[in-house]
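This report concerns only the one structure given below.
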Amino acid sequence: MSTMTTNPGQAEKVPGSGPALKVATVFGTRPEAIKMAPVIRRMRQFPERIEPVEIVTAQHRQMLDQVLELFSIVPRHDLDVMKPGQDLFDVTSRVLLGLKTVLQEERPDLMVVQGDTTTVFVAALAGFYLRIPVAHLEAGLRTGQRYSPFPEEINRTLASHLAVLHFAPTPKARENLLAEGVPAERIVITGNTVIDALLATVRQGYEFPGEVAECLQSGRRVLLVTAHRRESFGGPFEDLCRGLLAIADRFEDVQIVYPVHLNPNVQGPVRRLLGGHARISLIEPLSYEPFVQLMNRSTLVLTDSGGIQEEAPSLGKPVLVLRETTERPEAVDAGTVRLVGTDPERITAEASRLLTDPAAYAAMARAINPYGDGRASERVVDAILSFDFERERLPGPAQF
Ligand code: UD1
Ligand code: UDP
């Protein structure tokens with residue numbers, strides 16, 4: 001049984017010398033799973049010291065399952081919360097109540113959450129209510145604008161208040177945490193675990209599955225697109241689709257390949273505005289392996305995704321970010337990522353420049369690694385193993 005509960009009479013656990021630390025990973029969406037998988041894999045290498053307990057909220061269903069299958073993760077608990085067309089209230093309430101039961105049963109010594117989704121904020125809150133220490137992966141990303149991205153900026157800020165251990169991917173993220181009063185000794189700069197996942201997955205000589213192979217058959221240059229941000233739903237999303245349409249009309253040697261996110265607010269406008277164009281391939285969300293190979297095969301990436309802004313610079317792929325703000329300034333500063341927003345003319349102009357001007361393209365197409373060296377999960381697990389659990393112990397049983 002776990003000892004991180006504060007009930008008197010339970011056995012003491014000393015990291016490294018006693019029974020294994022029970023470490024629960026709680027995650028729910030595709031990007032969380034991709035970024036948590038390397039940490040789970042690393043924890044499994046220390047069975048005498050760590051007992052990993054995977055808890056998925058399944059805020060995403062199909063897109064989560066694709067990742068679980070690829071990385072051979074069979075969760076011990078699956079809250080299965082996703083409902084088609086869910087809103088923030090649905091996810092928040094279902095995750096909170098689901099976790100109450102599971103966490104009371106498991107009583108982990110530590111919970112690890114990743115990123116800025118509603119699963120992350122709510123899991124951190126549940127941990128706090130139950131006095132389970134929470135470690136936050138990818139801590140300290142900020143735009144400084146409460147509604148951009150929405151609701152992620154506030155989700156991650158609240159997670160920082162609830163967590164006791166913060167894994168900052170970059171020095172900039174650490175600075176953001178320090179500026180908000182997080183004690184320096186509770187922050188560890190690790191790099192982002194997405195680079196661990198990427199490097200473990202990308203390879204030469206990959207054979208694409210049928211649907212992707214068809215998109216590549218023409219031999220045209222590939223412009224890879226993803227977009228799903230809530231703050232863009234409605235007008236801005238239609239605008240960005242118009243930008244993509246203009247690019248497809250202008251460049252006969254370019255194939256836009258867009259694995260469309262399953263959110264109905266994305267599927268609707270994308271299929272209505274972009275469906276049926278010969279040089280736009282709208283495909284299902286891809287499993288991580290074909291997706292990163294496709295990114296590696298692309299000329300240019302247009303996206304509002306957080307994870308892709310981190311991965312593409314490692315592969316030397318220029319990224320135009322379809323957002324007004326980014327919490328990932330490192331690659332922008334290095335010149336391989338550019339913010340272009342959702343205005344169709346701006347999107348068309350920026351993409352056209354890169355597709356027609358080799359010097360402009362070369363200036364952006366440099367491989368850089370501001371987000372990690374592929375060893376972030378080692379640093380995370382080292383920090384967990386040397387974490388001072390005794391300091392987190394509170395007197396008396398948890399009351400809630
Ligand atoms: C969520 C996160 C966002 C993250 C994104 C990654 C919140 C509020 N949003 O946004 O931060 O960047 O995931 O992709 O936490 N759906 C399916 N199958 C799936 C996944 C989604 O059908 O596997 C559909 C469902 O209709 C679901 C809807 O998409 O109700 C919205 O899913 P939700 O997780 O609420 O929001 P996302 O837009 O995916
Ligand atoms: N991704 C994937 N299949 C796809 C699109 C994206 O596996 O069809 C991966 C991508 O490589 C990145 C992650 O999913 O690691 C990003 O997820 P998403 O854009 O949904 O979320 P965000 O990072 O914006 O929170």
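Derivation of every value follows stated rules applied to the coordinates shown; laboratory data play no part. This one's a predicted model, so the numbers in the text were calculated from it and none came from an experiment. Ideal geometry is used to build each Cβ from the backbone, glycine not excepted, and the neighbour counts take in all protein chains shown.
Points to keep in mind about this one:
- Multiplying the residue separation of residue 216 and residue 368 by 0.36 nm and subtracting their alpha-carbon distance yields 52.1 nm.
- Distance violations [Cα-Cα > 27 Å] among 35/172; 22/172; 100/172; 22/100; 22/83: 22/172; 100/172; 22/83
- Two numbers describe the Cα atoms of segment 302-400: Rg and Dmax, which are 20.1, 67 Å.
- Ordering of 371-384, 52-65 by packing [mean C-beta count within 10 Å, highest first]: 52-65, 371-384
- Contour excess over end-to-end distance, with Cα ends at residue 386 and residue 284 and 0.36 nm allotted per residue: 32.5 nm
- Sparse-neighbour loop sites [chymotrypsin sites (Phe, Trp or Tyr not before Pro); segment 135-219; at most 13 other C-beta within 10 Å; DSSP]: 147
- Dmax and Rg, reported as Rg then Dmax, of segment 62-216 (C-alpha, Å): 17.5, 52
- Tensor-based shape of segment 17-74 (alpha-carbon gyration tensor, a/c under 1.5 rounded, otherwise prolate or oblate): prolate
- Close amide-amide hydrogen proximity is noted between residue 112 and 24, 25, 26, 135, each under 5 Å apart and 5 or more residues distant or on a separate chain (H modeled in the peptide plane; Pro and chain starts excluded).
- Alpha-carbon centroid distance for the pair segment 177-235 / segment 350-400, whole angstrom: 12 Å
- Folded to 0 to 90 degrees: helix 235-250 orientation relative to the chain principal axis, Cα: 40 degrees
- As a rough guide to protection, the peptides 350-359, 183-192 ranked by mean Cβ packing within 10 Å, highest first, stand as 183-192, 350-359.
- Prolate/oblate/rounded call for the chain, Cα gyration tensor, a/c under 1.5 rounded: prolate
- Cα gyration tensor shape of segment 146-273, rounded if a/c is under 1.5, else prolate or oblate by comparing a/b with b/c: oblate
- Crossing angle, helix 30-43 versus the chain [Cα axis fit, 0-90 degrees, rounded to tens]: 50 degrees
- Among 286-295, 340-349, the peptide with the highest mean count of other Cβ atoms within 10 Å heads the list, and the full ranking is 286-295, 340-349.
- Degrees separating the helix 344-356 axis from the principal Cα axis of the chain, which is the longest one: 80 degrees
- Note on residue 399 and residue 65: the model spin-label points, each 7 Å out from Cα along the C-beta direction, lie 4.4 nm apart.
- Take the Cα of residue 357, step 7 Å toward its Cβ, do the same at residue 271, and the gap between the two points is 3.9 nm.
- MRE, 222 nm, helices only [DSSP H, n ≥ 4, -39500 (n - 2.57), over the chain, to nearest 500]: -13000 deg cm²/dmol
- Net length gained if the chain between residue 89 and residue 184 were fully extended (0.36 nm per residue, minus Cα distance): 30.8 nm
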